[in-house]
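J.: Okay, handing you the structure first.
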Amino acid sequence: MKVLALAIALLALAAPVAYAQDEPPKLKGTLSYARTGGIAGVSDSFKIKRTGKARLNGRSFRLRKVEREAIAELLVKVDLGKLKVKAKEPVADAFNHSLRYRGKSIAYDDPSTPKKLKKLTKLLGRLIAKYDDN
């Protein structure tokens, strides 16, 4: 009986730790993303606060929790301050991108997108397409 009580007590102590590790990542600051160029010559400005409040091309809205978590998960895998952009041959109608998050920023174009940023860049592009009124 004492062994069972000890096991339950240890599980109770371990539970909060396991829960904290299983929590989805959250934005820890404001993410600013800008995209210009493309075939249509667009100019998108997208700002996402850690609360989920967002502003895209002058329009305000709130991102869904799953969208915020997806962005945060991809940002955890990327350290903007350590990423290097290797310039490649320019491509006609390519987008130019800039990201700023927690005091770190990076600028790149489509051909020179760092591998670690490809999924995040695609996700932000999908969100722009979803929420943009134009």
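J.: If I take R0 = 30 Å and measure r between the Cβ atoms of residue 105 and residue 22 in this structure, what FRET efficiency does the formula 1/(1 + (r/R0)^6) give, to the nearest 0.05?
T.: That gives a FRET efficiency of 0.45.
J.: How do 27-35, 122-130 rank on mean C-beta neighbours within 10 Å, highest first?
T.: Ranking the peptides 27-35, 122-130 by packing returns 27-35, 122-130.
J.: Once you've got the Cα coordinates, tell me which of 47/82; 49/82; 28/104; 47/104; 26/84 are over 18 Å apart.
T.: Listed pairs above 18 Å: 47/82; 49/82; 26/84.
J.: Among the aspartates and glutamates, select those whose C-alpha is under 17 Å from the C-alpha of residue 65, and discard any that sit fewer than 8 residues away in the same chain.
T.: 22, 23, 73
No lab work stands behind these numbers, since they all come straight from the coordinates. Everything quoted here is computed from the prediction, not taken from an experiment. As a convention, Cβ positions derive from the backbone with ideal geometry for all residues, glycine included, and neighbour counts pool all protein chains shown.
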